[in-house]
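S.K.: Have a look at this one before I ask anything.
The values are calculated or read from the model by the stated rules, or taken from the named source; none is laboratory data. Just so it is clear, the model here is predicted, and its values are computed rather than measured. Because the Cβ atoms are built from the backbone with ideal geometry, glycine has one as well, and the counts that use them run over all protein chains shown.
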Amino acid sequence: MAADLEAGQTMSVIIRRINDEDKEAVFQLLADRWAGPEMLLDGEIVDASSLPGYVAYAGNDLVGLVTLIKRESEWEILTLDSLSRWGGTGTLLLNAVVDEAKASGINRLTVRTSNDNLDAFRFYQRRGFRLERIAQGVIDAEREKKPEIPLRGDYGIEIRDEVLFARSL
């Protein structure tokens, strides 16, 4: 699979399921981008580095990752990262999740993000996700358990609330 870069440049990106050989690179990406693999979800710590999902490689370099919480009736995207923003890698990762979910009989995907992540709002809505719920103050409460969560995020917006998007498949 290929992802388009700026002004017609193309980078060959391979998307595949996470396997044991990826664990160190996955852990490092989560440490670099998320301040560690431990994520707070509904007040519980989840180790994203131990979850199923997909990796994106350009040559030997890990350039993207999506991790999933697979439930009986829906899957939740816990993390989705593309190191080449706007290059198509995030879409390729999401498409792999959608294809597997459909093949597995799953008819709903969800994803949560913080209120400051306007780029994620755009990304997910352009790919069929709909705004479902705003949980006010959730991130304020999570910050008490995980103080490394910053006070301000993208565009200088205070990070306070959790926003849930969902997509029917």
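S.K.: Keeping to region 79-128, report how many residues are hydrophobic (A, V, I, L, M, F, W, C), surrounded by 20 or more Cβ atoms within 10 Å (Cβ to Cβ) and not in a helix (DSSP H, G or I).
M.R.: 3
S.K.: On the basis of being farther than 25 Å from Leu131 by Cα, of a type outside the set (Lys, Arg), touching an Asp or Glu at 6+ places or on another chain (Cβ under 8 Å) and buried (at least 19 other Cβ atoms within 10 Å of the Cβ), does Val26 make the cut? Break it down into steps so the answer makes sense when it comes.
M.R.: On the way: farther than 25 Å from Leu131 by Cα: yes; of a type outside the set (Lys, Arg): yes; touching an Asp or Glu at 6+ places or on another chain (Cβ under 8 Å): no; buried (at least 19 other Cβ atoms within 10 Å of the Cβ): yes.
It is false that Val26 is farther than 25 Å from Leu131 by Cα, of a type outside the set (Lys, Arg), touching an Asp or Glu at 6+ places or on another chain (Cβ under 8 Å) and buried (at least 19 other Cβ atoms within 10 Å of the Cβ).
S.K.: I need a count of the residues in region 129-150 that are in a loop (DSSP other than H, G, I, E, B) and either at pLDDT below 95 or closer than 16 Å to Leu78 by Cα (or both).
M.R.: 6
S.K.: Give the residues of region 29-63 that are in a strand (DSSP E or B) and on the phi > 0 side of the Ramachandran plot, sorted by residue number.
M.R.: The first filter runs over region 29-63 and keeps only residues in a strand (DSSP E or B), leaving 38-41, 44-47, 53-58, 61-63.
The one that is in a strand (DSSP E or B) and on the phi > 0 side of the Ramachandran plot: Gly53.
S.K.: Another question about this same structure. Look through region 85-135, keep the residues that are within 23 Å of Arg152 (Cβ to Cβ) and among the aliphatic types (A, V, I, L, M), and return whichever of them is nearest to the chain's Cα centre (by Cα).
M.R.: Step by step, filter region 85-135, then rank; the result is Val111.
S.K.: Inside region 129-169, can you point out the residues that are surrounded by 11 or more Cβ atoms within 10 Å (Cβ to Cβ), under 30 Å from Ser104 (Cα atoms) and touching a residue at least 40 places away in the same chain (Cβ under 8 Å)?
M.R.: Glu162, Val163, Leu164, Phe165, Ala166, Arg167, Leu169
S.K.: Mind listing just one residue for me: the one in region 38-51 that is modelled with pLDDT of 95 or more and either under 23 Å from Arg143 (Cβ atoms) or in contact with a Pro (Cβ under 6 Å, 6 or more places away or on another chain) (or both) and, of those, surrounded by the most Cβ atoms within 10 Å (Cβ to Cβ)?
M.R.: Ser49
S.K.: Pairs, please: C-beta under 6 Å, at least 6 apart or cross-chain, first residue closer than 14 Å to Leu92 by Cα and at pLDDT 95 or above and in region 117-128, second surrounded by 16 or more Cβ atoms within 10 Å (Cβ to Cβ) and of a type in the set (Lys, Arg)?
M.R.: Close Cβ pairs (under 6 Å, with a partner that is surrounded by 16 or more Cβ atoms within 10 Å (Cβ to Cβ) and of a type in the set (Lys, Arg)) do not exist here.
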